[in-house]
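Taken together, the values in this text are just the output of simple stated rules run on the coordinates, not laboratory data. Please read all numbers here as calculations on a predicted model, not as lab measurements. Quick reminder, even Gly has a Cβ in these numbers, built from the backbone with ideal geometry, and neighbours come from all protein chains shown.
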Amino acid sequence: MDKISILGGKTLEGTITISGSKNAALPILVSSLLTREISNLDNVPNLLDITTMKELLISLGIKIVAKEKSLFIEPSNNISTHADYELVRKMRASVLVLGPLLARFGEAEVSLPGGCAIGSRPVDIHINALKKMGAKLEIKDGYIKASVPNKKLVGADITFPKVSVGATENIIMAACLAKGKTIIRNAALEPEIDDLITVLNKMGANVYRSDSNKIEVEGVISLKGFSHSVMPDRIEAGTYAMAAVITAGRIELLKAEEKYLKNVIKYLNRVGAKIESTNNGINIEGPKVIKNIDMKTEVYPGFPTDLQAQAMALMSVAEGSSVIEESIFENRFMHIAELVRFGANIKNEGVKAHIVGCKALNGAQVMATDLRASSSLILAGLRAEGETIINRVYHLDRGYENLEKKLSMCGANIRRI
Ligand code: EPZ
């Protein structure tokens with residue numbers, strides 16, 4: 001089980017190149033199930049979650065050849081519609097194969113993904129929407145068993161009861177090959193969904209956001225292959241921006257796009273950071289003193305839940321008290337107990353965390369519990385005096401490409417042991 005050791009207290013200075021977005025690459029990879037043609041995808045990050053998705057698609061009969069940062073994707077003539085528990089349980093996003101398999105083959109058997117550290121992660125919104133499009137779905141032996149009468153989904157007018165990134169992606173992909181028009185109301189606005197929509201329209205689909213949170217899809221008979229380069233990862237960018245802030249350093253994030261980070265930049269400016277766009281990305285300068293700022297996570301374009309744990313690391317060393325409220329997931333505070341091991345003063349009350357900033361953190365042995373919580377421990381370790389050892393770093397490898405290399409290039413004393 002890999003560990004990471006950090007000797008904290010260094011001011012980070014330098015540049016970090018932001019990798020392709022995990023949460024854009026995952027649904028785009030799944031969209032290859034919608035065509036029999038060859039596709040290629042560039043700027044794919046080398047992450048555990050991407051490897052898991054490749055394994056899942058290969059198990060369904062999709063051939064994938066990697067050449068550096070490019071993937072060449074070739075669907076075989078006989079695609080299996082059974083997504084096995086062994087693969088699905090490793091990553092929630094596996095449920096995204098449900099819509100495409102139903103749309104293309106009229107049947108699917110997809111293991112329920114099961115919960116994870118941050119919550120039960122139900123898929124009822126996905127299932128109810130597919131039912132409205134004519135699919136018959138039942139949950140049996142831990143699997144979603146689905147079929148479509150005469151193998152053709154029918155477009156429907158669907159209103160999501162709550163905003164869901166995955167359900168929006170699943171239904172958009174299903175609707176591309178459905179008969180007629182589908183409208184999705186209360187659709188998620190994340191930019192990774194727009195990257196998926198760009199790919200689907202390159203394939204010959206007809207998908208568009210008709211107004212703020214409504215997406216319309218005119219079903220077509222078949223789709224072509226695609227060639228695309230994945231958008232940059234805004235959550236990775238936000239995480240490293242906070243590394244500059246917590247070490248009072250200065251980092252240029254190459255390829256980061258300000259337009260996807262508006263609310264994060266607003267928050268970091270209020271915290272005291274100096275942020276400006278450059279020709280190649282975004283430059284962040286951390287403040288000498290971090291201001292205590294209350295924050296509540298929201299659906300996009302609000303402050304992203306995927307940066308909540310990282311913000312909590314900042315507030316742990318802010319100059320006063322602050323409150324962070326998590327409004328998206330029911331259990332996304334696993335990092336509190338670990339941050340407290342550094343000496344942070346944080347109390348959890350339901351969906352709120354009350355933080356009293358302290359002067360210094362002390363290095364500690366800590367445990368990564370989920371992907372983004374583990375990056376908040378990295379941030380605390382970069383700030384803390386002395387050595388920090390982070391256990392179970394496979395969580396980090398799910399979402400951060402070459403993390404140690406990128407941080408040590410900016411002067412961090414960090415290594416994998
Ligand atoms: C996506 O997960 C992201 N994952 C998550 O990033 C991100 O935290 C989340 O969106 C919210 O932004 C990928 O894109 C691969 P949701 P997803 O459906 O689609 C509830 C990371 O760190 N819900 O928007 O699973 C759900 O329980 C990951 O990269 C239902 O109740 O999230 C949650 O409370 C972590 N029923 C809320 O909606 C459903 O059928 C938002 O979930 C579906 C979701």
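Suppose the chain between K262 and D294 were pulled fully straight at 0.36 nm per residue; how much longer would it get relative to their current alpha carbon spacing?
9.8 nm
Could you work out the pair-distance distribution P(r) of the stretch 22-229 from its alpha-carbon pairs, with 5 angstrom bin width and percents rounded to whole numbers?
With 5 Å bins starting at 0, P(r) equals 1, 8, 17, 22, 23, 17, 9, 2, 0.
Taking each pair of different alpha-carbon atoms in the chain once, compute 1/r for the pair, average those values, and report the inverse of that mean as the Kirkwood hydrodynamic radius in Å to one decimal.
For the chain, the Kirkwood estimate is 21.9 Å.
Report the FRET efficiency, 1/(1 + (r/R0)^6), for N150 and I79, where r is their Cβ-Cβ distance and R0 is 25 Å, rounded to 0.05.
0.85
Is the stretch 209-277 rounded, prolate or oblate when judged by the Cα gyration tensor, a ≥ b ≥ c being the square roots of its eigenvalues, rounded requiring a/c under 1.5 and prolate requiring a/b larger than b/c?
Prolate, since a/c reaches 1.5 and a/b exceeds b/c.
Angle between the Cα long axis of helix 191-202 and the longest principal axis of the chain, 0 to 90 degrees, nearest 10?
In the chain, helix 191-202 runs at an angle near 30 degrees to the longest axis.
Among I64, I328, what is the fewest-to-most ranking by other Cβ atoms within 10 Å?
I64, I328
Where Rh is the Kirkwood radius over the Cα pairs of the stretch 1-96, the temperature 37 °C and the viscosity 0.692 mPa s, what D in µm²/s does Stokes-Einstein return?
For these conditions, the coefficient is 217 µm²/s.
Please go through the residue pairs K152/K214; K140/K162; K69/K162; K202/K296; K69/K202 and name each one whose alpha carbons sit more than 32 Å apart in this structure.
K69/K162; K202/K296
In debye, nearest 20, what is the charge dipole magnitude of the stretch 35-168 about its Cα centre with +1 on Lys and Arg Cβ and -1 on Asp and Glu Cβ, if you could check?
For the stretch 35-168, the charge dipole is close to 260 debye.
So for the stretch 285-417, Kirkwood radius off the Cα pairs, Stokes-Einstein at 37 °C and 0.692 mPa s: how many µm² s⁻¹?
220 µm²/s
Between the stretch 111-138 and the stretch 263-281, what is the separation of their alpha carbon centroids in Å?
The stretch 111-138 and the stretch 263-281 have Cα centres spaced 37 Å from each other.
If each DSSP helix of 4+ residues adds -39,500 (n - 2.57) and the sum is divided by the residues in the chain, what number results at 222 nm, nearest 500 deg cm²/dmol?
Computed mean residue ellipticity for the chain: -8500 deg cm²/dmol.
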